[in-house]
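Working notes for the structure below.
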Amino acid sequence: MNKTFLVGLPEASIPTPALVLDAAAFERNLDGMDAFLAGRRVALRPHAKTHKTPMIGHIQMRRGAIGLCCATLGEAEAMIYAGLDHILVTSQVVGEDKVRRAAALARWADLMVAVDSRENLRDLSREAAARGARLGVIVEVDVGMGRCGVRSPEDAIRLARAASELPGLVFRGLMGYEGHAVFIGDRADREDAGRKANAGLVETAEAVRRAGIPVEIVSAAGTGTFDIAGDYSGITELQTGSYIFMDLTYGKLDLPFEYALTALATVISRPGPDTVVLDCGMKSISVEREPPRPLSFPGLEILKLSEEHATGRILPGAAELRPGDRVKLVPSHCCTTVNLYDEIFVVRDGRVEAVWPVEARGAR
Ligand SMILES: Cc1ncc(COP(=O)(O)O)c(C=O)c1O
């Protein structure tokens, strides 16, 4: 059900558990990225896997993003159907049904997909050509993360050449996500790992160019490495996602972004002198890395989550919490938390300013 009837009402009227976005903090995060990009040539194609919310995509585009990244084809469909365009799907689109959907979508939008195999290229080409579509191809390069991506410049050249020659396809460039570097706590070590990864990608792009194939896009970066990749010569665009919301994992790094997204929870029980139970379990907040932490209630430590409960303890000397009191929890991972909700309540000065549907929630 659309909950926009809560717009204008106090935050206290939001039913919990709920996903709450602090509008001012969110805008400061956007400003922080804009400040970095100002005067630099690198572009931003932010990752929509973080928010899965077309309204946020529109806000990013209004601020100058050149398009959006998506992690799944379903996310790309949701964004394009909401009027967004210039979408890079940063995962491989494989399987007969998905290849058909991608080709059909490319008929109506500027769509690019990451590719790391020849078979996949052939399938995409066949379906795109059959529809008179021109599907963009970005060859993914493994830059040290060890996930998808070609493992050598020779393979990148082979795929780039095939993508340039096959009907229905347009070779656009390369991507290399340095996921192994983004969370490194020590700044110098993170720079070192990030630059090594960027170097591998940029050198591969040069090798493709030397083979006579133009490379328009060289895409990299997560939130932990946005400024490293953004200053690395030859990287043309950034695919950062979490900078808009932040989470406990990125909060440990020295980044110019702040917590903007929390799960709003209600205290439902005080069964013992220091035990507190909230209505926000693992079906409402992600626990993949560590338990969530209260945004502004340092005296409460969350110890464990079950499906619909968070159990914590009040530390000695902390303020009292009673059943009915509300607490905002910062998740360890913002992207997987967003995927648990149908809407984001946008709050400013204690009131609901907007309710944005998480349109691409669960979209594959
Ligand atoms: C392919 C890809 N690009 C970029 C990102 C960067 O996202 P974030 O800024 O949230 O670290 C991710 C994160 O998982 C990713 O998988």
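The values are calculated or read from the model by the stated rules, or taken from the named source; none is laboratory data. Quantities reported herein were computed from a predicted structural model and do not represent experimental measurements. Positions of Cβ are generated from backbone atoms using ideal geometry, with glycine treated the same way; all protein chains shown enter the neighbour counts.
So the values come out like this:
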| item | result |
| --- | --- |
| Breaking point among (1) touching a helix residue (DSSP H, G or I) at 6+ places or on another chain (Cβ under 8 Å); (2) within 16 Å of the ligand (Cβ to nearest atom); (3) not charged (D, E, K, R), for CYS148 | (1) |
| Residue in region 212-229 that is nearest to the chain's Cα centre (by Cα), counting only those that are surrounded by 16 or more Cβ atoms within 10 Å (Cβ to Cβ) and not in a helix (DSSP H, G or I) | GLY222 |
| Candidate set from region 77-105 (those that are free of Cβ contacts under 8 Å to residues at least 40 places away in the same chain and small (Gly, Ala, Ser)); member that is nearest to the ligand (Cβ to nearest atom) | ALA102 |
| Residues within region 174-199 that are crowded, with 17+ Cβ neighbours inside 10 Å and out of contact with any helix residue (DSSP H, G or I) (no Cβ under 7 Å at 6 or more places or on another chain), tallied | 4 |
| Sole exception among (1) assigned to a helix (DSSP H, G or I); (2) of a type outside the set (A, V, I, L, M, F, W, C); (3) touching a strand residue (DSSP E or B) at 6+ places or on another chain (Cβ under 8 Å) for THR16, by number | (1) |
| Flag for GLU206 being under 20 Å from the mean Cα position of the chain (by Cα), surrounded by fewer than 24 Cβ atoms within 10 Å (Cβ to Cβ) and away from the ligand (no atom under 13 Å from the Cβ) | no |
| Helices (runs of 4 or more DSSP H) enclosed by region 29-129 - at least 1 residues per element that are of a type in the set (Asp, Glu) | 73-81, 96-106 |
| First in region 150-171 and within 13 Å of ASP116 (Cα to Cα), second anywhere and surrounded by fewer than 19 Cβ atoms within 10 Å (Cβ to Cβ) and at pLDDT below 95, Cβ under 9 Å, 6 or more apart | none |
| Condition check for ALA71: buried (at least 20 other Cβ atoms within 10 Å of the Cβ), within 17 Å of the chain's Cα centre (by Cα) and without any contact (Cβ under 8 Å) to a residue 40 or more places away in the chain | yes |
| Verdict on GLY57 being without any contact (Cβ under 8 Å) to a residue 40 or more places away in the chain, within 16 Å of the ligand (Cβ to nearest atom) and at negative phi | yes |
